[in-house]
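The values are calculated or read from the model by the stated rules, or taken from the named source; none is laboratory data. None of the values given here were measured: they were computed from a predicted structure. Note that each Cβ is placed from the backbone with ideal geometry, even for glycine, and that neighbours are counted across all protein chains shown. In case anyone asks, the SASA skips ligands and DNA or RNA and just uses the protein heavy atoms, side chains included. Shrake-Rupley method; radii C 1.70, N 1.55, O 1.52, S 1.80 Å.
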Amino acid sequence: MRLCAWYLYGEKHRGYALNPVANFHLQNGSVMWRINWMADTSPRGIAASCGMMVNYRYFLEETASNSAAYLGNKQIKASEQVLSLVSQFQQNSKL
């Protein structure tokens with residue numbers, strides 16, 4: 001879960017999210033909301049993402065500002081759950 005959070009939140013290509021699905025949702029103003037363990041146990045889900053799935057949440061009154069912050073300043077808006085997992089990864093990682 002920590003590695004998944006880091007991949008989605010911390011791994012970048014030219015300053016934007018490396019994952020194309022994350023990049024799509026973040027460009028449209030979403031919040032990286034929740035990472036779900038074993039949410040997709042289909043063979044394809046296991047092969048593609050170890051069964052993990054991410055929820056992106058759209059707060060309509062914040063989508064324009066979230067999108068502008070991401071596109072202009074490369075800032076990802078994320079929930080406390082995601083940020084906590086990212087922090088745990090950073091504390092335990094040797095990267």
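What number comes out for accessible area per residue over the stretch 18-93 if the probe is 1.4 Å? Units Å², please. Intermediate results must be reported in sequence, preceding the final value.
Values: 4660 Å² over 76 residues.
Ligands and nucleic acids excluded, the figure is 61 Å² per residue.
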- Note on the structure: From highest to lowest solvent-accessible area (probe 1.4 Å; ligands, DNA and RNA excluded), 25, 13 read 13, 25
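Of the heavy-atom accessible surface of the chain (probe 1.4 angstrom), what whole percent is carbon and sulfur? Working shown, then result.
Working: 3320 of 6100 Å².
Looking at the chain in its full context, I get 54 percent from C and S.
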- Can you list residues whose amide H is under 5 Å from residue 78's amide H, if they're 5+ apart or on another chain and H is modeled 1.01 Å from N? 32
- Query: So what's the angle, to the nearest 10 degrees on a 0 to 90 scale, between helix 63-73 and the longest Cα principal axis of the chain?
  - Reply: 90 degrees
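If the only charges are +1 at each Lys and Arg Cβ and -1 at each Asp and Glu Cβ, what is the size of the charge dipole of the chain around the Cα centre, to the nearest 20 debye? It would help to have the intermediate numbers written out before the result.
On the way: 9 positive and 5 negative charges, 55 e Å.
Here the chain has a charge dipole of around 260 debye.
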- Message: Can you pull out the trypsin sites (Lys or Arg not before Pro) in the chain whose DSSP state is coil and whose Cβ has at most 10 other Cβ atoms within 10 Å?
- Response: 14, 94
- Message: For a quick check of understanding: with a 1.4 angstrom probe and all protein chains in place, what accessible area in square angstrom does residue 46 have, to the nearest ten?
- Response: 70 Å²
- Folded to 0 to 90 degrees: helix 80-92 orientation relative to the chain principal axis, Cα: 60 degrees
- Task: For residue 17, enumerate residues with amide H under 5 Å from its amide H, sequence gap 5+ or separate chain, H modeled in the peptide plane.
- Result: none
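By how many nm would the segment from residue 83 to residue 27 lengthen if fully extended, with 0.36 nm per residue of separation less the alpha-carbon distance?
On the way: separation 56, 0.36 × 56 = 20.16 nm, distance 1.87 nm.
Residue separation times 0.36 nm, minus the Cα-Cα distance, leaves 18.3 nm.
Can you pull the Rg over Rh of the chain, Cα-only, Kirkwood?
Values: Rg = 13.3 Å, Rh = 13.6 Å.
With Rg and the Kirkwood Rh in hand, the quotient comes to 0.97.
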